[in-house]
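Asks: Take this structure first; my questions come after.
The values are calculated or read from the model by the stated rules, or taken from the named source; none is laboratory data. For clarity, every value in this text was computed on a predicted model and none was experimentally measured. Here the Cβ positions follow ideal geometry from the backbone for every residue, glycine too, while neighbour counts run over all protein chains shown.
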Amino acid sequence: MFGQYFITILILCGIWAVLTLSLNILTGYAGQVSLGHAAFFGIGAYTSALLTTRYSWSFWPAFLASIIITGLVGGFLGLPSLRVRHDFLVLATMGINFVMVGIFKYVDFFGGAMGIINIPKPSLWGIVFRGEKFLLLVLVYLAFTLWLCYYLSRRWAGLALRAVKSDEDAAEVCGISVARFKIYAFIISGALAGGAGSLYAHFLGSIFPDHFAFAESIVILSMLVFGGIGTIRGALLGAFLLKALPEYLRVVGDYRYTLYGGILVLMMLFQPMGIIGDKSWLWEKINAWLGRR
Amino acid sequence: MKPILRTEKLSKHFGGLRAVDRVDIEVRPGEILGLIGPNGAGKTTIFNLISGFLRPTSGKIFFKEQRIDNLRPHVIAAMGVGRTFQIVKPFSDMSVLENVLAALGHPFYPELKAFTASYYSPAARKEAEEILEKTMLARYAGARAGDLPIGIKRQLEIARALALKPSLLLLDEPAAGLVHEELEQLAKLIGQLNSEGITIILVEHNMPFAMGLCQRIVVLAHGQVIAEGKPEEIRKDPKVIEAYLGHSAREG
């Protein structure tokens, strides 16, 4: 029905949309800025890749294990956020990303610089998930992620996360354990990104440490900032637009990191709330226009 | 009657500075106790110790006979000790109603139901609206908290603390920056909360305001209690006049 190339791009957009949405839970909801989100992505990818290639697990339990393990590691890696605030946390998460890539690269168990190859495609009852079928899998996981984000934003826990983001002392006097809810955010965010990592590994068939390097964390952050931090629609738009654009426009593709970096700078200067975030210029216009009709 | 709150030789040192120095305070259930003293006397430090934001260097704090000086602020809050901040800390990006809801959720946060129960429930909303009604904030319910003038923000701090259903309320300079009508309204509100059975400790710089409201006053200077008694006794106490009123008279 669609061209193979188009499907590939949609698959990548879907995976990056989950990454952006999961970063949004951490940064947009709980206010913990992370420059190391690609580390979670990588942990998920490596977990699934190792389990299926070295221990002959099938994709499905390996996928679940990626989510669980990355969630647990996420909670553990969130511990620095209990001791340091804001700018120092940004530096700490950046460090974590470099350490993670270092481990993937230099520890033989993780395949070293040669990465892990021959990662099998998921299959169920003889059906192999590739092409459109793999896209369907990604879209189901994206739908689940979207539902979870929306669900969380309407629960007491979601309100507690917003309180933690807004003012930690005030959150405490409202009976909210700031430490506990920060760790919750790291666990949920990590778990979702871990699932995305698993899908990515099985889509590519081979993974290398540099797939999950610091630059990728910047890409994910700039997608979120571009769309609008704190909003589900912003995260979704940012991921789809900024993932698809460099693929389609060759010119942009050659300079993609310039694009992502430039977007961060320009958005911070002119539209810190993102293209369609709350209170952004465009979103206000859209709301005004909808209101008039 | 047993005190609702009691400190025992409570001390907090910052390096060489004795911000709070062997302070014994007893707060009787149902009273409005004033905590006054010149700048740097240790009033806010005592609030931070009681509410768990600081650990004492030595000494103990008991709330309803239970030791609380080793507990985290959110635990103390959930036990029913509400507090406001001298420098207001509203959740700026939330509406006034959501600010109150955030504190109304305190029974949910330690449990799994924080993830299963929706805060968009009519019951929670009704409760929050009642608190806004009582604190005269009903017409600001939908407003963004960060956009409010300082007087309304101070009222919101009280509203948020009330959502904990506190038995003890710590008010840190609630009158600061308020104009005349707002002061009257605040005094009325504090009086009303007290008549409903809430014990209140009031840190205040505005002397007429504190003298008019408090049944008993503790005067601090350099981290120590220098006087204690009814407002009219405090007013005549030579030590207080020297340490506090004399000081502020020279200032003014």
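Asks: Please go through the stretch B:68-115 and pick out each residue that is crowded, with 17+ Cβ neighbours inside 10 Å, within 7 Å of another protein chain (Cβ to nearest Cβ) and hydroxyl-bearing (Ser, Thr, Tyr).
Replies: Passing the criteria: only B:TYR109.
Asks: Is it the case, given these coordinates, that A:LEU236 is surrounded by 19 or more Cβ atoms within 10 Å (Cβ to Cβ), modelled with pLDDT under 90, among the hydrophobic types (A, V, I, L, M, F, W, C) and in a helix (DSSP H, G or I)? Quick ask: steps written out before the conclusion?
Replies: Values: surrounded by 19 or more Cβ atoms within 10 Å (Cβ to Cβ): yes; modelled with pLDDT under 90: no; among the hydrophobic types (A, V, I, L, M, F, W, C): yes; in a helix (DSSP H, G or I): yes.
For A:LEU236, the condition - surrounded by 19 or more Cβ atoms within 10 Å (Cβ to Cβ), modelled with pLDDT under 90, among the hydrophobic types (A, V, I, L, M, F, W, C) and in a helix (DSSP H, G or I) - is not met.
Asks: Follow-up. Counting just the residues of the stretch B:192-201 that are surrounded by 14 or more Cβ atoms within 10 Å (Cβ to Cβ) and out of contact with any helix residue (DSSP H, G or I) (no Cβ under 6 Å at 6 or more places or on another chain), which one comes out nearest to B:LYS134 (Cα to Cα)? First the steps, then the outcome.
Replies: Here is the first cut: in the stretch B:192-201, the residues surrounded by 14 or more Cβ atoms within 10 Å (Cβ to Cβ) are B:193-194, B:198-201.
Checking the rest, the ones that are also out of contact with any helix residue (DSSP H, G or I) (no Cβ under 6 Å at 6 or more places or on another chain) come to B:193-194, B:198-199, B:201.
Values: B:LEU193: 9, B:ASN194: 13, B:ILE198: 14, B:THR199: 17, B:ILE201: 20 Å.
If we take residues in the stretch B:192-201 being surrounded by 14 or more Cβ atoms within 10 Å (Cβ to Cβ) and out of contact with any helix residue (DSSP H, G or I) (no Cβ under 6 Å at 6 or more places or on another chain), then B:LEU193 is nearest to B:LYS134 (Cα to Cα).
Asks: Using beta carbons and a limit of 6 Å, which pairs, at least six apart or on different chains, have the first residue in the stretch B:91-118 and modelled with pLDDT of 95 or more and the second one part of a helix (DSSP H, G or I) and of a type in the set (Lys, Arg)?
Replies: Final answer for the pair search is B:ASN99/B:ARG160; B:VAL100/B:ARG160; B:ALA103/B:ARG160.
Asks: Here's something else I'd like to know. Determine, yes or no, whether B:ILE76 is touching a Ser or Thr at 6+ places or on another chain (Cβ under 8 Å) and either in a helix (DSSP H, G or I) or farther than 18 Å from B:LYS9 by Cα (or both). Give the derivation first.
Replies: Numbers: touching a Ser or Thr at 6+ places or on another chain (Cβ under 8 Å): yes; either in a helix (DSSP H, G or I) or farther than 18 Å from B:LYS9 by Cα (or both): yes.
Criteria met by B:ILE76.
Asks: Quickly run through the stretch B:116-132 and pick out the residues that are in a loop (DSSP other than H, G, I, E, B), within 7 Å of chain A (Cβ to nearest Cβ) and more than 27 Å from the chain's Cα centre (by Cα). Walk me through it before giving the result.
Replies: Filtering the stretch B:116-132 down to residues in a loop (DSSP other than H, G, I, E, B) leaves B:117, B:119-121.
Right, trim to within 7 Å of chain A (Cβ to nearest Cβ) and you get B:117, B:119-120.
Passing the criteria: B:ALA117, B:TYR120.
Asks: Under the condition of being not hydrophobic (A, V, I, L, M, F, W, C) and not in a loop (DSSP other than H, G, I, E, B), which residue from the stretch A:171-194 is surrounded by the fewest Cβ atoms within 10 Å (Cβ to Cβ)?
Replies: Taking the stretch A:171-194 as the starting set, the residues that turn out to be not hydrophobic (A, V, I, L, M, F, W, C) are A:172, A:175, A:177, A:180, A:182, A:184, A:189-190, A:194.
Checking the rest, the ones that are also not in a loop (DSSP other than H, G, I, E, B) come to A:172, A:180, A:182, A:184, A:189-190, A:194.
Numbers: A:GLU172: 24, A:ARG180: 18, A:LYS182: 24, A:TYR184: 22, A:SER189: 29, A:GLY190: 31, A:GLY194: 32.
The selected residue is A:ARG180.
Asks: Now a separate question. Does A:VAL225 satisfy being within 16 Å of A:LEU12 (Cβ to Cβ) and part of a helix (DSSP H, G or I)?
Replies: No: the conditions fail for A:VAL225.
Asks: Within the stretch B:145-153, does at least one residue satisfy the condition of being within 11 Å of chain A (Cβ to nearest Cβ) and within 18 Å of the chain's Cα centre (by Cα)?
Replies: Looking only at the stretch B:145-153, we keep the residues that are within 11 Å of chain A (Cβ to nearest Cβ), and these are B:145-146.
Among the residues that remain, those that are also within 18 Å of the chain's Cα centre (by Cα) are: none.
No: zero hits.
Asks: Something else: Under 6 Å by Cβ, and 6 or more places apart or on different chains, what pairs join a residue from the stretch A:247-261 that is acidic (Asp, Glu) with one that is part of a helix (DSSP H, G or I)?
Replies: Matching pairs, first to second residue: A:GLU247/A:ILE9.
Asks: In the stretch A:69-79, which residues are part of a helix (DSSP H, G or I) and crowded, with 17+ Cβ neighbours inside 10 Å?
Replies: A:ILE69, A:THR70, A:GLY71, A:VAL73, A:GLY74, A:GLY75, A:LEU77, listed by residue number.
Asks: Ok, one more. Tell me, which residue of the stretch A:273-293 that is in contact (Cβ under 8 Å) with a residue 24 or more places away in the chain and in a loop (DSSP other than H, G, I, E, B) is farthest from the chain's Cα centre (by Cα)?
Replies: My answer is A:SER280.
Asks: Anything in the stretch A:136-151 that is under 16 Å from B:ALA117 (Cα atoms) and loosely packed, with under 14 Cβ neighbours inside 10 Å? List them, or say none. If you could, list the steps in order and put the result at the bottom.
Replies: Residues of the stretch A:136-151 under 16 Å from B:ALA117 (Cα atoms): A:147-151.
Scanning the stretch A:136-151 gives A:TRP147, A:TYR150.
Asks: Only one of (1) within 25 Å of B:ALA77 (Cα to Cα); (2) of a type in the set (Phe, Trp, Tyr); (3) free of Cβ contacts under 8 Å to residues at least 60 places away in the same chain fails for A:PHE181. Which number is that?
Replies: Evaluating A:PHE181 over (1) within 25 Å of B:ALA77 (Cα to Cα); (2) of a type in the set (Phe, Trp, Tyr); (3) free of Cβ contacts under 8 Å to residues at least 60 places away in the same chain leaves (3) as the failure.
Asks: Filter the stretch B:47-67 down to the residues that are assigned to a loop (DSSP other than H, G, I, E, B), surrounded by 16 or more Cβ atoms within 10 Å (Cβ to Cβ), without any contact (Cβ under 8 Å) to a residue 60 or more places away in the chain and not aliphatic (A, V, I, L, M) and list them by number.
Replies: B:GLY52, B:PHE53, B:PRO56
Asks: Right, next: Conditions: (1) farther than 23 Å from B:LEU5 by Cβ; (2) at pLDDT 95 or above. B:LEU178 meets all but one. Number of the miss?
Replies: Checking B:LEU178 against (1) farther than 23 Å from B:LEU5 by Cβ; (2) at pLDDT 95 or above, the one that fails is (2).
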